[in-house]
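The values are calculated or read from the model by the stated rules, or taken from the named source; none is laboratory data. Note that the coordinates shown come from a computational prediction; the quantities given were computed from them, not determined experimentally. With ideal geometry, Cβ positions are generated from the backbone for all residues, glycine too; neighbour counts draw on all protein chains shown.
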Amino acid sequence: MPVPQPLAEAGRAGADLPGASTLITNIGALVTNDATRGTGPLGLITDAALVVDGTDVAWVGPRAEAPATDRSFDAQGRAAIPGFVDSHSHLVFAGDRTAEFNARMSGRAYSAGGIRTTVEATRAAPDSALHATAGRHVSEALRQGTTTVEIKSGYGLTVEHEVRSLAVAAAHTDEVTFLGAHVVPAEFAEDPAGYVDLVTGPMLDACAPHARWADVFCEQGAFDADQARAILKAASARGLLPRMHANQLSHGPGVQLAVELGAASADHCTHLTDSDVDALAHGDTVATLLPGAEFSTRAAYPDARRLLDAGATVALSPDCNPGSSFTSSMAFCVALAVREMGMTPDEALWSATAGGARALRRDDVGTLSPGARADLVLLDAPSHVHLAYRPGVPLVSAVWRAGRCVVRPT
Ligand SMILES: [Zn+2]
C-alpha cells in the first residue's frame, strides 16, 4: 500500500505515475454533497470508497462495489469530506494587530487606525514579504483541510499597490478579488468622491486584468449604496463579477444591492431585515456568514437558522484577516455555526464546502461526485459531526488536492 507523500514528494510521485488511478477505501462515512449518491443533502455513504483518476474523482460508492485500480489506500474507517471551500479571505497584508486585539479583549479603548494600519504596513512591505505571508496562510489553511481559497486585495488602495496585491494573490489562487473599495484611504479622507473616481477609473483599468471578482465594503464609514453600485457596475463593465461585504456592522442597503446586481455572494449578513432575508431567499446571491469576525470582536453572530428556514443558500468562511478575524480554520467556523448560529452539523459542513463553492460559482469543488476535482479531507473521526462535537481539536488526518496527497496521514 503506497503511503501518500507530503507536498513536494507528492508532486514528483504524480509526475512519475501519469494517469494512475487510486482507490481510497474503508472510508467510515463519506460526504459527497451529491444527494443522488447517498443519503440526505450531504449524499452520505457509509462503508464507502472513492477512486481518484488523475486530478479528478472517477467513482464513489459502497466499498464492496469498488472497481479495480492501480493502487489503493486504506482510510481505516475514517470519515472523508470534500475539501473546504473558503470564499472570503484577505491574505495579502503586512504587519500585525495583536495590540489592537489585546486592547479590545481587555476592554480598553484603542485609537489605532484599524484597516488603515494594515494599509500602511502593506504599502511599505517588499513583494517577497507579501508573498511569504500569503503563502504561509494558504499552507496553514491547507493543513486544516481548505483546498480552495479566494484572496482579496484591499490593503494597497493605490493603483500601484492594488495591482501588486492582486499579483501576489494570483500566485496563490485562481480566485482573486479586487477590493480597492475596502475603505477610503487616509490621503482621500477629505475627498471620498475623488477616491471613488480613482477606483472606477484608473484603478479598475489597471486591476481588472488581474482579478476574477470585484468586491466593495458597503457599510457606514466605508462606501454607501450609490458608491458601491457605481464601483461594481464599473467593475462589471470590465468583465469582473460582483460580490459584496454587506450588513456586517449595521442594517443597511448592502444585501439588497448585492441581490439587485446579481452578486455571487453577500458576505457577513449579520444585521438583516425581513426584506433582506426575503431578497436572499429569492435571489441568486449566496449569504456568506463569517463568524470569526463576530468571535474576534465580541459581536452578535448572524442568524443562520433564519436564513436557512427562509430558503437562502448559506456559505461559511473564516474571513481570515489581520484585524477582525485572524483565523484560517474552517472547522472552527463549523463549530461556531453549530453552537452559536442555529445550524445543524450537516448544514454547517455543507455550507463550508458546497456553500463556499456556490459563493464562487464553482461546481468542480465542494463536492465529491465523479468528475469533480479530487479535493478530499480525511478526518481522524468516524463522522464529519466531530468537527462541531470536538471543537478546537485538529481532526484533519490527510488532504488530497487535485488528486495529489498534499498533507500526509497522521
Ligand atoms: Zn472581509
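A few comments on the model shown:
- Only one of Gly156, Gly145 that is under 27 Å from Ala331 (Cβ atoms) and crowded, with 24+ Cβ neighbours inside 10 Å: Gly145
- The lone exception for Pro67 - which of (1) touching a strand residue (DSSP E or B) at 6+ places or on another chain (Cβ under 7 Å); (2) within 16 Å of the ligand (Cβ to nearest atom) it fails: (2)
- Residue, farthest from the ligand (Cβ to nearest atom), within region 137-154, restricted to residues that are assigned to a strand (DSSP E or B) and touching a Phe, Trp or Tyr at 6+ places or on another chain (Cβ under 8 Å): Thr147
Let's see how each residue does on (1) assigned by TED's automatic domain parsing to the domain that holds Ala49; (2) over 17 Å from the mean Cα position of the chain (by Cα); (3) over 28 Å from Phe73 (Cα atoms):
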| position | (1), (2), (3) |
| --- | --- |
| Val334 | no, no, no |
| Asp346 | no, yes, no |
| Ala354 | no, no, no |
| Asp375 | yes, no, no |
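- Taking the criterion of being touching a residue at least 24 places away in the same chain (Cβ under 8 Å), touching a helix residue (DSSP H, G or I) at 6+ places or on another chain (Cβ under 6 Å) and either of a type outside the set (Gly, Ala, Ser) or more than 16 Å from the ligand (Cβ to nearest atom) (or both), the residues of region 87-116 that qualify are Leu91, Val92, Phe93, Ala94, Gly95, Arg116.
- Residues of region 304-322 that turn out to be buried (at least 18 other Cβ atoms within 10 Å of the Cβ), away from the ligand (no atom under 16 Å from the Cβ) and in a loop (DSSP other than H, G, I, E, B), as a count: 2
- Candidates Pro185, Pro242 - the one that is buried (at least 17 other Cβ atoms within 10 Å of the Cβ) and over 19 Å from the mean Cα position of the chain (by Cα): Pro185
- Search result, residues across region 228-252 that are more than 16 Å from the ligand (Cβ to nearest atom) and at pLDDT 95 or above: Arg229, Ala230, Lys233, Ala234, Ala235, Ser236, Ala237, Arg238, Gly239, Leu240, Leu241
- Listed here are the strands (runs of 3 or more DSSP E) enclosed by region 47-124 that have at least 1 residues being surrounded by fewer than 17 Cβ atoms within 10 Å (Cβ to Cβ): 56-62, 71-74.
- Residue list for region 18-46, restricted to those being of a type in the set (S, T, N, Q) and outside any loop (DSSP other than H, G, I, E, B): Ser21, Thr22, Thr25, Asn26, Thr39, Thr46
- Single residue of region 357-398 satisfying the filter (β-branched (Val, Ile, Thr) and under 15 Å from Ser329 (Cα atoms)) that is surrounded by the fewest Cβ atoms within 10 Å (Cβ to Cβ): Val393
- Comparison of Gly239, Gly201, Gly194 shows that the only residue that is on the phi > 0 side of the Ramachandran plot and assigned by TED's automatic domain parsing to the domain that holds Thr288 is Gly239.
- Test: residue in region 281-291 that is within 16 Å of the chain's Cα centre (by Cα), in the same structural domain as Glu175 (by TED's automatic domain parsing), modelled with pLDDT of 95 or more and away from the ligand (no atom under 15 Å from the Cβ): yes
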